[in-house]
Amino acid sequence: MAKIHGSVYLLVGLLVSFLSWKLNYEKLMFFFYIGLIFVFIGVIKLITGLMKKKNNEVDAHKKHGKMPQAHRQVKYCHQCGSALSPHHRFCSRCGARI
Ligand SMILES: [Zn+2]
């Protein structure tokens, strides 16, 4: 689906329904309701957009907190628990064999 901002739907809907109401409500009733539907879609889009934004922010925070070393493979020393790169044979802190 094309990315159209919710406020665009809202404005177009308001315009269409307002114009059809102003010009000839009886004849353009169909357009009036189309406009209302557009307004409705716009409102929904704006609300869901806001919610998504919040969720994304939360996700970003979670990711930051969970893995500080990006997604590189990391081994942990079973002696002292320090993080080591996988190509290390011995722990760089306590010297234990990995
Ligand atoms: Zn160690």
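Any read-out appearing in this document is the output of simple, stated calculations on the displayed coordinates, not a laboratory observation. Here the structure is a predicted model, which means the values were calculated and not measured. All Cβ positions, even for glycine, are placed from backbone atoms using ideal geometry, and neighbour counts span all protein chains on display.
If packing is taken as the average count of other Cβ atoms within 10 Å, what order do 40-48, 81-89 fall into, highest mean first?
Most protected by this proxy first, the peptides run 40-48, 81-89.
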Just name one of V8, Y25, N55: the one whose Cα is farthest towards the positive end of the charge dipole of region 6-66 (beta-carbon charges, Lys/Arg +1, Asp/Glu -1).
N55
Using the Kirkwood radius over Cα pairs of region 1-64, the Stokes-Einstein translational diffusion coefficient at 20 °C and 1.002 mPa s, in µm²/s and rounded to a whole number, is 164
Comparing V39, V74, V58, which has the greatest mean-square fluctuation in the GNM of the chain with Cα pairs linked when under 10 Å apart?
V74
Counting lysine pairs in the chain that sit 8 or more positions apart or on different chains, with Cα atoms under 26 Å apart, gives 19
Mean separation of Cα pairs under 8 Å and 6+ residues apart, divided by the residue count of region 6-66: what relative contact order is that in percent?
39
What does the extension gain come out to for F30 and A60, with contour length at 0.36 nm per residue minus their alpha carbon separation?
6.4 nm
Expressed in nm to one decimal, what extension gain is obtained for the pair L23 and H78 from 0.36 nm per residue of sequence separation less their Cα-Cα distance?
11.9 nm
Candidates Y33, Y25, Y76; GNM for the chain (alpha-carbon contacts under 10 Å) flags as most fluctuating Y76
Any idea what angle helix 6-24 forms with the longest principal axis of the chain, computed on alpha-carbon atoms, 0 to 90 degrees, nearest 10?
10
